[in-house]
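All of the numbers you see were taken from the coordinates with simple rules; none came from a lab. None of the values given here were measured: they were computed from a predicted structure. Here the Cβ positions follow ideal geometry from the backbone for every residue, glycine too, while neighbour counts run over all protein chains shown.
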Amino acid sequence: MALEKVISEDKIEIVGEFKAVQVRTCTKVLDDGVVVAHWRASDVDGDHSGSSYGTCGFTPDAEAEGYTAYAEITEDMAIGWVKESIGEEGVTALEDSIAAQIAELKAPAVSVGTPW
């Protein structure tokens, strides 16, 4: 799915699912840099799904080497920035958490109802 840009008064939203991570919004500042990325990681196993949501903050510097203007950001770049911000251990913890959510849905440890 391609990124879709939606421009409102104070923010530009990027909506697009790709791989297991979805960057839901990127807040843009006047110098054309992204300062916040809102993301959601999810997985589905049959009828069961799990997800996690978060944000990553950035300090754009248009003078820095490797700076990317908003209009030039790709899906892969946004995912990479989010994963880098979370860190390898954080990504693994998210994956484990989502897998645990799905496992709990498939075989609940606590059930509600009556035994008869």
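Considering only residues that are of a type in the set (V, I, T) and surrounded by 12 or more Cβ atoms within 10 Å (Cβ to Cβ), which ones fall in the stretch 48-100?
T55, T68, I73, I79, V82, I86, V91, I98
Output the residues belonging to the stretch 54-78 that are among the hydroxyl-bearing types (S, T, Y) and assigned to a strand (DSSP E or B).
Result: T55, single match.
Name the one entry in S51, S42, S111, S97 that is of a type in the set (S, T, Y), out of contact with any Cys (no Cβ under 8 Å at 6 or more places or on another chain) and either touching a residue at least 60 places away in the same chain (Cβ under 8 Å) or assigned to a loop (DSSP other than H, G, I, E, B) (or both).
Selected residue: S111, the only one of S51, S42, S111, S97 that is of a type in the set (S, T, Y), out of contact with any Cys (no Cβ under 8 Å at 6 or more places or on another chain) and either touching a residue at least 60 places away in the same chain (Cβ under 8 Å) or assigned to a loop (DSSP other than H, G, I, E, B) (or both).
From the set of residues in the stretch 54-86 that are touching a residue at least 40 places away in the same chain (Cβ under 8 Å) and aliphatic (A, V, I, L, M), which is farthest from A103 (Cα to Cα)?
I73
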